[in-house]
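J.: Here you go, one structure.
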């Protein structure tokens, strides 16, 4: 497709049978040998079928592709393959696309030594505007009726996958794979799998939250606090602030108890194990799908250089694998550029940290200002107001910074001159992921692990830039964390979904306008290639994966603070899945099908997050929650927790009280002289022991699961061997002896 | 080979060229396509070569096999393979053995449905006495001289590998692989690699030990103790024992300091990282060798049932892979048998534990008895004498129990009816490994982690079966652990090596006598098959691996206690390697070459041990060593450690002192009323924090190494791709378009 002086010229390519056969063998495409009875691929439908219950999730999708034993195609054994008598249907449309793309990608258009070859470079240089496979017709459904025409594959996908009302049905993954290829299908399989796993987490999380609502009113320490009246005068929260009564924070503490009670401990443990189990089962699911789709042994052995690399490479050199001359960039220079790139990443991280400190100072100053206001209600809620506004400002900055950074990372990674697309993507992913995780997680991490720990004690407060370090507001830091989390996570999701819904529409509309303004006025029916050309180019799955992985981090790492996180994630994903499906079916050009064995580097990132989540939950429970002090008090002093409130409050040092003419209490385990008390050390030992036990138990369980649950399910293993056996028989040449 | 009425009949089998070709393709044997310049396979020789230094480890071994690119053999492409013009040398001798064995193993001798097939069943039923490939001539070297004949491969191995004087040379691994196959070669490669890695550990360990020797005399607390005279009267060690002076244990404490000083901390950290690095690099080395030997993609797809399984299986059933009828044992019955087996394993473990408790009681009673003896020297060393005799008794029992158990485990695993040899071996390995690790490690673990922790305090001692719980003797438990370790580890090695040296000789001599007595008196020269028949059957590598893996456990798990462990391991392995080599070359029948990709389940066991080692070192340093209390004292009280001794000793409760008319001290951080002091809790928090930091740092470093060091070295990765590319070219059939 080419435009010259405004007019768009289209070229429709097709490939003859012999060429198809040649390249199918060259590309090691797998083709069917023998059909086998189709089985339900997910356990829920298997379970329901065994119990004889109707399955509301099941959807009757037409044209179900059969399950087959397949093997690498060999022209010489053509007759042994299933369906080889019909040359029109033997190769699927995605396989044809792959073959055409392979031919186009390899064809030289200039001097081959200079790496002038392939459609991608021509596209990059603007010789062609676009190159894409055609969609299989329009996606709009024909009017229903008794003699309605057969739906085309795109319509099938639209009707049974991309429509909102399909929200409670299984995805027709085999169809998605047949239309978009394995890589896209694996993304949707993963997203669906993740969403399904979020369901139990969301249910348990909501129950835990509701349990918290009931427990608030039966909690002895909270009641003691609310009924304490003038019992506890607390030390001032800033240099010139007044003394205050603990009972004035009653409501806040009650709200705080919603997020911080015994159930949270159970839920954190549950979620840590949930994450481990989720990954284990995804491994099995991924292997099953890869086998089912014939890519379990797919590995890209001879990846071509990226077109941008080939165009910009300064020299050529022999490829050690093929022995041919190809564009070359010295690894030492690349290493130097990568070092320079890392420095830039560090600088961007530093920007985030500086911003975080600014937010902290702002919050401290705000709290002081508001608390001095004459309005008493406002004063009591001062820190809450300050932190809520902060969270919102934080979110806005995070979203802005992430836009800037993704653009920067793309530039930087191009400049690093990675030879292959895979290497490029890995480097890009790593950069963006590191930055985005610092960007999104730094302020929750600060609140969870640092805030309120370096306060000092009355008369000896620690300061940062002359401002007293923040204390956790009444109700504990966990509540603040929950608030921060909800604002960032839910806010991000809302912004993202709005973007994903609106942006393609706007861009699609803009693209249409632009093209139509340029081209002649179109009259009547469009050719399919014209219609497809007006769609948006497909942009890959990077952004989608990144968003989901960051969400997975929120759901697992900070779950101790907010049992509602899985619920919000679940709601988001229900929307997200169909939004993405619509994008692929309706709004984007059809991408060239790509093969893939699994979700690649994202799996390792998920595994790292899971590890982090276990650590983070352990520390949150041990240090930020008051679960352990309560258990300690219950065990050693009073099983009803009577007097617990008094137990947690230290007396201000006599010098401080004398200087202010007023004695006061503050939350800490300290002696009257400000030294840590024996109880503090005793509790600290218990907290640390809890961390050790929690980590070891969860990791051991994870490790045992890893051993017990095979990476490749047994049934799949047998099928793989059966397929190997059949393939060997089908392709055997030495029949001399048998 | 068959005996009838005493006489032994031999049958020599050989295979014609066409059959070789047919089976080579069927077995997916890899054969050479193209030679490539040979490179040094270990980094030390590469480094020395680059520095231009002579390499004393290098040995000029004749008939060095060339390094080649190879691919799966196809009869139709015979001409493309290297050396296919010479039918006598095209297939190596190990490949011929594999092919013959494959034919023999598959040939039915009765009704095939009943699984009556294969040489292994005939051997199991005693139809044949033995079936083995012949050695390539005698191993004895011909007299040297100018016109000495060319050495045969067995002589080459004997001269350049199995002789004691080769102890400082590289092993000729390519030759070993060429003669015994990849599985055996990988064992020796691993053993050599491990031994080489022990060298730096042994050097550092010895240096740390020597440093300890010097530090003893400059250590303030030890000097204070030795010069304390009557300063510290200690509480009695048993119910009716006398009070004793702390200064009387001066020598013991000095000895104890050898094993327990600042250097030990560094060394433990070093060894934890050493173990992690060792495994990482072995992965790379293993991948390199597997590639070099053409088994990197070897996987046994259609493993045959074990002959013992086929003989004992009650029914037949369709094999889901091949679709053929074969012997079958219901998985549910197997599962039940495995459960029963596990119970037996647990019972045997219980026996070990009971025995451990018996040893502990014996030691406590012995210590009391000896300490009451009028001889003062004897009394002072009483606990030392008791524990030394215990260690020896312990060792004897351990060795006896392990013999009993291995026999039992073999019976049990047979009874569990595992279908394939691999499953059988895995089950057997798991059983034996679990039992042996409990057997060997339980008493060191008791001493390291439990002994002396549940003593109580004067007036409130805890008891076990009425006997006061053991305290750590003066000098600390680390010293006892070091002693236990040296006795068990070194004792076991001595016993084992003596066994390995003497047993084959005795058994070989016995076998010869028996055979000669049966057969006719032999006169003059023996035929090669007669000579080989007189050798011992090859018994596999299980025992060898097990011994080494247990040693690896001693070296890594308890290294904090005994920096000399790596040195003893190194010395043992130098002997072990050549003993094993001699066994294979001189004393055993040649085994059928087996292919293998790596060392299999042992790698996972090593990885588990490495994990355990990190935990164990963390706890040993935190709780058994006095490194942290010293650091704490240095930091908070006196940087010269003056008064540290007094700091560690608590005063007996006044009631106890009054009852005995004598006040006394005891080692603990307790108040005068027996409660744990603030220092105790403070220190406990520090200890736990140390554990957490140590574990996280070491595991993070290990994880980072895992990411940074690729599992398959880059050079090997490129070679694999190059080989794949060449193979594709060589085997391509569809040249229609090119």
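A quick yes/no check of all residues on (1) touching a residue at least 60 places away in the same chain (Cβ under 8 Å); (2) at positive phi; (3) touching a strand residue (DSSP E or B) at 6+ places or on another chain (Cβ under 6 Å):
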position	(1), (2), (3)
A:187	yes, no, no
A:190	yes, no, no
A:204	yes, no, no
A:227	no, no, no
A:235	yes, no, yes
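J.: Listed residues A:698, A:716; which is in contact (Cβ under 8 Å) with a residue 12 or more places away in the chain, in contact with a helix residue (DSSP H, G or I) (Cβ under 8 Å, 6 or more places away or on another chain) and outside the structural domain of residue A:607 (by TED's automatic domain parsing)?
T.: A:716
J.: Residue B:240 fails exactly one of the following numbered conditions: (1) within 24 Å of residue B:550 (Cβ to Cβ); (2) more than 23 Å from the chain's Cα centre (by Cα); (3) surrounded by fewer than 21 Cβ atoms within 10 Å (Cβ to Cβ). What is the number of that condition?
T.: Exception for residue B:240: condition (1).
J.: Can you find a residue in segment A:99-114 that is away from every other protein chain (no Cβ under 14 Å) and under 30 Å from residue A:171 (Cα atoms)?
T.: yes
J.: Residue B:159 passes all but one of (1) part of a loop (DSSP other than H, G, I, E, B); (2) buried (at least 16 other Cβ atoms within 10 Å of the Cβ); (3) free of Cβ contacts under 8 Å to residues at least 60 places away in the same chain; which number fails?
T.: Condition not satisfied by residue B:159: (1).
J.: Any idea how many residues of segment B:67-91 are within 18 Å of residue B:296 (Cβ to Cβ) and more than 14 Å from chain A (Cβ to nearest Cβ)?
T.: 3
J.: Something else: With the structure loaded, tell me whether residue B:320 is free of Cβ contacts under 8 Å to residues at least 12 places away in the same chain, touching a helix residue (DSSP H, G or I) at 6+ places or on another chain (Cβ under 8 Å) and over 26 Å from residue B:701 (Cβ atoms) or whether it fails that test.
T.: Answer is yes for this residue.
J.: Here are some residues: B:726, B:707. Which one is crowded, with 18+ Cβ neighbours inside 10 Å and either out of contact with any strand residue (DSSP E or B) (no Cβ under 7 Å at 6 or more places or on another chain) or not assigned by TED's automatic domain parsing to the domain that holds residue B:619 (or both)?
T.: Criteria check complete, one pass: B:726.
J.: Follow-up. When segment B:453-483 is examined, which residues are found to be surrounded by 18 or more Cβ atoms within 10 Å (Cβ to Cβ) and assigned to a loop (DSSP other than H, G, I, E, B)?
T.: The answer is B:455, B:458, B:470, B:471, B:472, B:473, B:474, B:475, B:476.
J.: Of B:473, B:521, which residue is modelled with pLDDT under 85 and farther than 26 Å from residue B:240 by Cβ?
T.: B:521
J.: Checking residue B:18 against (1) at pLDDT 85 or above; (2) surrounded by fewer than 15 Cβ atoms within 10 Å (Cβ to Cβ); (3) more than 14 Å from chain A (Cβ to nearest Cβ), only one condition comes out false. Which one?
T.: If we test residue B:18 against (1) at pLDDT 85 or above; (2) surrounded by fewer than 15 Cβ atoms within 10 Å (Cβ to Cβ); (3) more than 14 Å from chain A (Cβ to nearest Cβ), just (3) comes out false.
J.: Follow-up. Evaluate the following for residue A:442: is it closer than 25 Å to residue A:484 by Cβ, modelled with pLDDT of 85 or more and surrounded by 14 or more Cβ atoms within 10 Å (Cβ to Cβ)?
T.: Judged against the criteria, residue A:442 is a match.
J.: Let me ask you something else. Considering every residue within segment B:670-677, establish whether at least one is in a strand (DSSP E or B), without any contact (Cβ under 8 Å) to a residue 60 or more places away in the chain and within 13 Å of chain A (Cβ to nearest Cβ).
T.: Yes, that holds for at least one residue.
J.: Condition (residue is farther than 17 Å from residue B:666 by Cα and outside any helix (DSSP H, G or I)) applied to segment B:271-278: is it met by at least one residue?
T.: Scanning segment B:271-278, I find no residue that is farther than 17 Å from residue B:666 by Cα and outside any helix (DSSP H, G or I), so the answer is no.
J.: Conditions first: (1) within 14 Å of chain B (Cβ to nearest Cβ); (2) in contact (Cβ under 8 Å) with a residue 12 or more places away in the chain; (3) buried (at least 19 other Cβ atoms within 10 Å of the Cβ). Residue A:645 passes all but one, so which condition is the exception?
T.: Of everything listed in (1) within 14 Å of chain B (Cβ to nearest Cβ); (2) in contact (Cβ under 8 Å) with a residue 12 or more places away in the chain; (3) buried (at least 19 other Cβ atoms within 10 Å of the Cβ), residue A:645 misses just condition (1).
Yes/no per residue for (1) assigned to a helix (DSSP H, G or I); (2) within 13 Å of chain B (Cβ to nearest Cβ); (3) closer than 30 Å to residue A:271 by Cα:
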residue: A:666; (1), (2), (3): no, no, no
residue: A:679; (1), (2), (3): yes, yes, no
residue: A:696; (1), (2), (3): yes, yes, yes
residue: A:699; (1), (2), (3): yes, yes, yes
residue: A:704; (1), (2), (3): yes, yes, yes
residue: A:707; (1), (2), (3): yes, yes, yes
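J.: Let me ask something additional. Hey, residue B:217 hits all of (1) at pLDDT 90 or above; (2) over 22 Å from the mean Cα position of the chain (by Cα); (3) surrounded by fewer than 17 Cβ atoms within 10 Å (Cβ to Cβ) but one; which does it fall short on?
T.: The single condition residue B:217 does not satisfy is (1).
J.: Would you check if residue A:670 is over 22 Å from residue A:257 (Cβ atoms), crowded, with 18+ Cβ neighbours inside 10 Å and over 40 Å from the mean Cα position of the chain (by Cα)?
T.: Considered against the rule, which asks whether it is over 22 Å from residue A:257 (Cβ atoms), crowded, with 18+ Cβ neighbours inside 10 Å and over 40 Å from the mean Cα position of the chain (by Cα), residue A:670 comes out as yes.
J.: Limited to segment B:51-92, what total is found for residues that are surrounded by 17 or more Cβ atoms within 10 Å (Cβ to Cβ), outside any strand (DSSP E or B) and either out of contact with any helix residue (DSSP H, G or I) (no Cβ under 7 Å at 6 or more places or on another chain) or in the same structural domain as residue B:311 (by TED's automatic domain parsing) (or both)?
T.: 2
The values are calculated or read from the model by the stated rules, or taken from the named source; none is laboratory data. This structure is a prediction, so every number in the text was calculated from the model and none was measured. Methodologically, a virtual Cβ is constructed for each residue, glycine included, from the backbone with ideal geometry; neighbour enumeration extends over all protein chains shown.
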